[in-house]
Amino acid sequence: MKENLLNEEEIVRLARRGDQEAFHRLVEEYSSLVERTVRVLVYDRADLEDTVQEVWLDVWRGLRGFETGKPFRPWLLVILANRCRQRGRKTRLATVALDPETVEEVADVKPDVPAQVLEHFSFADLKAELNHLPANQLELIALRFFADLELEEIARLLQQPLSTVKSRLYRTLNTLRQTYHKSNPRSDRPQV
């Protein structure tokens, strides 16, 4: 395969035909996104590794059904979300295993107004608050801030109207903000 001359569409086309080298390039390209997103949606480290492997297995099995000419990333994230939902049904999403590197990734992903809510949480605060979110709210946070999806992409992925996604994300961030201020009532804390 000609390394630098192939665009993503060509790589996907080759992978659809069973080219393992092309598939490996897709895994290399998207492994960080998959691992970062699964890390937020899955209960423990062992499940995380299993889920990442299952996502890539599902992608490999589903490649023949992938419509060429369509973007690969949203299709991959649909598979990821479905696999995490299946995993969540098997093992309740009770905690979020975050490390300091993950928290930094959240802050780096979207420097916009909703991210301001997250930036005022310490690592321990963020981990504690995310642990208490229902799975559907945690999924929104993961898709927006860990998978770096735009709201329109999240709406397509979840098959929900854009307005629904916006309001759910707003409510989720507002819940995090209120919980934070209740548990940290010091007046020198910045208001978000």
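Remarks
- Of all residues in region 156-181, those that are polar (S, T, N, Q) and under 22 Å from TRP75 (Cβ atoms) total 3.
- Out of LEU26, LEU57, LEU48, one residue alone is in contact with a helix residue (DSSP H, G or I) (Cβ under 7 Å, 6 or more places away or on another chain), surrounded by fewer than 20 Cβ atoms within 10 Å (Cβ to Cβ) and part of a helix (DSSP H, G or I). It is LEU48.
- Some residue of region 18-30 being farther than 16 Å from ALA135 by Cα and of a type in the set (Lys, Arg): yes
- Of all residue pairs spaced 6 or more apart or on separate chains, those with beta-carbon atoms under 8 Å, a first member in region 140-164 that is under 17 Å from ARG85 (Cβ atoms) and a second member that is small (Gly, Ala, Ser) are LEU143/ALA81; LEU157/ALA81; LEU158/ALA81.
- Boolean, VAL12 is surrounded by 20 or more Cβ atoms within 10 Å (Cβ to Cβ), outside the structural domain of ALA142 (by TED's automatic domain parsing) and more than 30 Å from ASN131 (Cβ to Cβ): yes
The values are calculated or read from the model by the stated rules, or taken from the named source; none is laboratory data. Bear in mind the structure is a predicted one, so any value in this text is a computation, not a measurement. Neighbour counts run over all protein chains shown; Cβ positions are idealised from the backbone, glycine included.
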